[in-house]
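A short write-up of the structure that comes next.
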Amino acid sequence: MYEIISQYLEYLELEKGLSSNTIDAYRRDLYDFAAGVEDIDKVDRITINSYIRTLKERKLAPTSVIRKVASLRGFFKWTTSMNILEKNPASTLEQPKVPQRLPKVISLKEIEEIFQTNLKPLELVIMELLYSCGLRVSELVNLKINDVDLASKYIRCFGKGSKERIVPFGSKALEAVKKYLPERELIFKKYNLNSKRLLVLENGRFINRQDVYNLIHEHGKMIHKNISPHTLRHSFATHLLENGADLRVVQELLGHSDVSTTQLYTHISKKRLKDVYFSINKE
């Protein structure tokens, strides 16, 4: 079964153009299922239902169970389309509903507090590109220097499924990039680097996702909040909508394929408005 999974992952990479992180997630999910399966030909609906029960017994988060079920549905659909299996054992398997949970955001005041701390040039450019452009952390760490157009103030990034989008940035982000570039040049000369990667640490190592997570987490402590890079992306979208931005524009900026995903941020705006209203009336 593992060989068939490898073929499927290769299909996702070459035919569907999924990112390496997404491929890794599929691999973990499918290997987890395969660990309890001797022969793929003997997999039926009972096998899958039994596996789902074990996931719940392991007390996995609902979102993790949902993701694993989605991975199985995609995999078995592919096996039947490739005539590896005659029947799809997951064809009648319903996708569990995702419990709606509003994304965590921080206020504009809290954003300003973070920016008012003594940020190094690299830290500042990371914060600016995450917040003022709403980039995903994977999009940020993979930026090339020629993806940033300083004259037109646009960034080209590649989101999920390698989908390209163009995102504008403002004067503060422009200033942050310009302040960082001389430092980048010195590091490149010091370590004799030859790459178009934009973000590099002082020790000459190119920045990765964990570096960004650690940085954002540390700065979140300054405002007594547990935040991640995605918190800044959520805050970017919410603050835009709160200040009158069109929903479709925010959808384009975030790179959402479906506007229903973006609509979730309108619920955040309404909730925040309600919270502010009641906090004022309590005083």
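Some points to look at:
- If you plug the beta carbon distance of Arg248 and Thr47 into 1/(1 + (r/R0)^6) with R0 = 35 Å, you get a FRET efficiency near 0.20.
- Estimated from helices alone, the mean residue ellipticity of the chain at 222 nm is -19000 deg cm²/dmol (sum of -39500 (n - 2.57) over DSSP H runs with n ≥ 4, per residue).
- For the chain, the fraction of 1.4 Å probe accessible surface lying on carbon and sulfur atoms is 50 percent.
- For the chain: accessible area per residue (Å², 1.4 Å): 59 Å²
- With q set to 0.08 Å⁻¹, the log10 of I(q)/I(0) for segment 1-156, from the Debye formula over equal scatterers at the Cα positions, is -0.39.
- The Cβ shell under 14 Å around Arg209 holds other residues with a net charge of +1, Lys and Arg each +1, Asp and Glu each -1.
- Total lysine pairs in segment 1-126 at Cα distances under 15 Å, for residues eight or more apart or on different chains: 8.
- Using alpha carbons only: equivalent-ellipsoid semi-axes of segment 125-280, gyration tensor based, whole Å: 30, 18, 14
- Student exercise, the chain dipole from Lys, Arg, Asp, Glu Cβ charges, in Debye to nearest 20: 540 debye
- All Cα-Cα distances of the chain, cut into 5 Å bins from zero to the largest, leave 1, 5, 10, 13, 14, 14, 12, 11, 9, 7, 4, 2, 0, 0 percent in each bin in turn.
- Burial ranking of peptide ranges 20-27, 39-46, 225-232, 130-137 (average Cβ count within 10 Å, highest at the top): 130-137, 225-232, 20-27, 39-46
- Scattering profile of segment 128-199 at q = 0.13, 0.27 Å⁻¹ [log10 I(q)/I(0), Debye over alpha-carbon scatterers]: -0.37, -1.33
The values are calculated or read from the model by the stated rules, or taken from the named source; none is laboratory data. All values derive from a computational prediction rather than experimental measurement. Virtual Cβ from ideal backbone geometry, glycine too; neighbours counted across all protein chains shown. Only protein heavy atoms, including side chains, enter the accessible area calculation; ligands, DNA and RNA are left aside. Shrake-Rupley method; radii C 1.70, N 1.55, O 1.52, S 1.80 Å.
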